[in-house]
Amino acid sequence: MRFLIDENLPAKIPAWNGPEFEFVSSLFPSQKDSDIWRYAKENDLTIVTKDSDFSYQILTSSPPPRVIHIKFGNARLRELIHLIERQWKNVEKLSATHKLVNVLADRIEAVN
């Protein structure tokens with residue numbers, strides 16, 4: 001699987017350090033959501049975001065792209081890193097079989 005990390009998330013997450021991760025901020029900063037969606041779809045990328053607009057869009061669409069919605073609110077960077085590092089392997093597994101994965105501080109929810 002390959003992932004597109006939205007500009008509203010930091011690139012400093014250790015779990016996202018690899019060739020399977022692309023970052024909106026380095027590809028095309030300040031693009032419209034529709035451009036990000038189209039790029040992810042054309043390149044078979046899963047969008048990782050804090051933006052609920054992508055979650056709403058995938059509910060009426062079929063993959064690709066898939067969406068991972070990080071729902072931690074305004075967590076501090078250290079807390080965000082800890083939560084993602086702790087849950088990322090499970091998130092990745094669920095994303096392979098579900099079109100939407102919601103990642104909350106205390107649980108992970110998956111939607112087909």
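Every number here is computed from the coordinates shown, using simple stated rules; none is lab data. As the structure is a prediction and not an experimental result, all values here were calculated from the model. Note that each Cβ is placed from the backbone with ideal geometry, even for glycine, and that neighbours are counted across all protein chains shown.
Quick notes
- The residue that is surrounded by the fewest Cβ atoms within 10 Å (Cβ to Cβ), among those in segment 18-55 that are over 14 Å from the mean Cα position of the chain (by Cα) and assigned to a loop (DSSP other than H, G, I, E, B), is P19.
- Residue, surrounded by the fewest Cβ atoms within 10 Å (Cβ to Cβ), within segment 87-103, restricted to residues that are of a type in the set (A, V, I, L, M, F, W, C) and touching a helix residue (DSSP H, G or I) at 6+ places or on another chain (Cβ under 9 Å): W88
- Residues satisfying the stated conditions in segment 70-81, i.e. in a helix (DSSP H, G or I) and under 16 Å from the mean Cα position of the chain (by Cα): L80, I81
- Members of segment 2-17 that are outside any helix (DSSP H, G or I), touching a residue at least 12 places away in the same chain (Cβ under 8 Å) and either polar (S, T, N, Q) or farther than 22 Å from V111 by Cβ (or both): E7, N8, P10, A11, K12, I13
- Leading residue by the ranking (farthest from F3 (Cα to Cα)) among those in segment 56-86 that are without any contact (Cβ under 8 Å) to a residue 60 or more places away in the chain and crowded, with 19+ Cβ neighbours inside 10 Å: I58
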